[in-house]
Ligand SMILES: [Zn+2]
């Protein structure tokens, strides 16, 4: 479905809106997903706009309604534009509603292949005041974030220094310069996992919201807050579809975060990960505990014989993290996991009748012995320290536990900036 939206004050935004949607559909995103994104986008730019839409497979009744609107509200803005563009010399009832309408955008008010308004057409369609307002809108304004370049889609979402720092933090990365937004998105879909692609679309959306917030309210987020908000929204959206628990709890724990952040006052945070080493028939546990100032507390690296599936290894690693926490006599801890399967099993009400289910059962029982334990799902990029420890677990030479002072090979992962 193509949507035509005419917005007096923000004509430019609407080009991006329909463009974004078309791209997402073309790249094969589920329609429900695209609708959700568009709902966010459209809600945000819901100013004094008129909208009308045409669909290739719109049923006759709906099409009839649209036509009825056109006939009964001949003075509405959108009708005047459509009329000038598609049937300037006849009444609507004599015109045919063909496929070309589906591509109607604000571009129609511009000179073909030129980046400026068609003054005559704008003057024909709008009254003097409205026409003057439209002609004042710069077709390609300066980027409101960096003020250093024209605000094309590619610049706004990718090339702006601020956007680049968001992409670097998001782990999706900004590899090189692209000739178009479309090229970037194509590469990303080839290169990244499904989950990363979803996150990328959320990051795009947050960059766009941030840009609007800057333009309309003078606010601007920090890159880390932006990517974490993207991660959290994606997680909340995924969870809302499963209806497990409330949003309030989700926000406080920072579920879905993309960058590591400090736990609240009075809490410790244990990041954990598992490694599976097929060639050695073994798997490992890596855990890193930090306090509410972000300071290093302890790390533990262990290796276990026997091969587990990645899911079982992750569950066993949670078990190990809980055992370790208990041995350190910690009573208030957030355990951060980057395996969504294990996280979901831990907080679900049901028990799977298999080996994996039994490990999860044991984890829950162990958590109750400790006191206050919160499980939190974070993205891999927020878990680099624990991941590093788990990988070292495969080398067999650096196993052990460190308290207060971390092992030298862990320094770079702890130095990654936060807050
Ligand atoms: Zn910029």
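Some points to look at:
- Where helices (runs of 4 or more DSSP H) fall entirely within region 109-224, those with at least 3 residues that are touching a residue at least 60 places away in the same chain (Cβ under 8 Å) are at 128-136, 161-169, 181-191, 194-217.
- When restricted to residues that are farther than 14 Å from residue 268 by Cα, crowded, with 21+ Cβ neighbours inside 10 Å and under 30 Å from the mean Cα position of the chain (by Cα), region 361-383 contains 6.
- Residues that are modelled with pLDDT of 90 or more and surrounded by 18 or more Cβ atoms within 10 Å (Cβ to Cβ) do occur in region 231-241.
- Residue selected from region 123-144 under the condition under 26 Å from residue 221 (Cβ atoms) and at pLDDT below 85, by the criterion nearest to the ligand (Cβ to nearest atom): 141
- Index of the failed condition, residue 147 passing every other in (1) surrounded by 13 or more Cβ atoms within 10 Å (Cβ to Cβ); (2) within 12 Å of the ligand (Cβ to nearest atom): (1)
The values are calculated or read from the model by the stated rules, or taken from the named source; none is laboratory data. Keep in mind that this is a model prediction, so the values were computed, not measured. Counting neighbours? That spans all protein chains shown, and the Cβs are built from the backbone with ideal geometry, glycine included.
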